[in-house]
Amino acid sequence: MSEDQARALIATTPINFPVGAKRFDSTEGSELTRQWLKGLVNDSQTVTICWDQETGLTLPWIVFCDHWDDFCYPLSDDINLYLT
């Protein structure tokens, strides 16, 4: 991610998960988690995933939903998601 892209991301208003969205325990299984994620946000939106100040990726929300367990690692909660 370039510095300009990072600055633009910071300047955007954060989008929170829909009002009324309930927490979900991802240990329930990858497919159940995938379905839960897909139910949260319109598929046309994108998400930027940041692991640290130098590592980030922007991709369609639906791709993140389908492959969430490739981006989120067990026993680690060190990513930030920005919906755009």
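The values are calculated or read from the model by the stated rules, or taken from the named source; none is laboratory data. Remember, predicted model here, so these are calculated numbers, not experimental data. As a convention, Cβ positions derive from the backbone with ideal geometry for all residues, glycine included, and neighbour counts pool all protein chains shown. Ligands, DNA and RNA are stripped out before the accessible areas are found, and what is left, the full protein with its side chains, is counted by its heavy atoms. Shrake-Rupley method; radii C 1.70, N 1.55, O 1.52, S 1.80 Å.
Miscellaneous remarks
- Exposure ranking of ASP66, ASP4 by accessible area [1.4 Å probe, largest first]: ASP4, ASP66
- The modelled label-to-label distance for the pair GLN45/VAL63, using points 7 Å beyond Cα in the direction of Cβ, is 1.8 nm.
- A simple spin-label model places the labels of LEU75 and GLN35 2.9 nm from each other, with each point 7 Å out along Cα-to-Cβ.
- THR84 sits with roughly 70 Å² accessible to a 1.4 Å probe, with DNA, RNA and ligands left out of the calculation.
- Close amide-amide hydrogen proximity is noted between VAL47 and LEU59, TRP61, THR84, each under 5 Å apart and 5 or more residues distant or on a separate chain (H modeled in the peptide plane; Pro and chain starts excluded).
- Full extension of the segment from LYS22 to ASP52, taken as 0.36 nm per residue of separation minus the current Cα-Cα distance, would add 8.1 nm.
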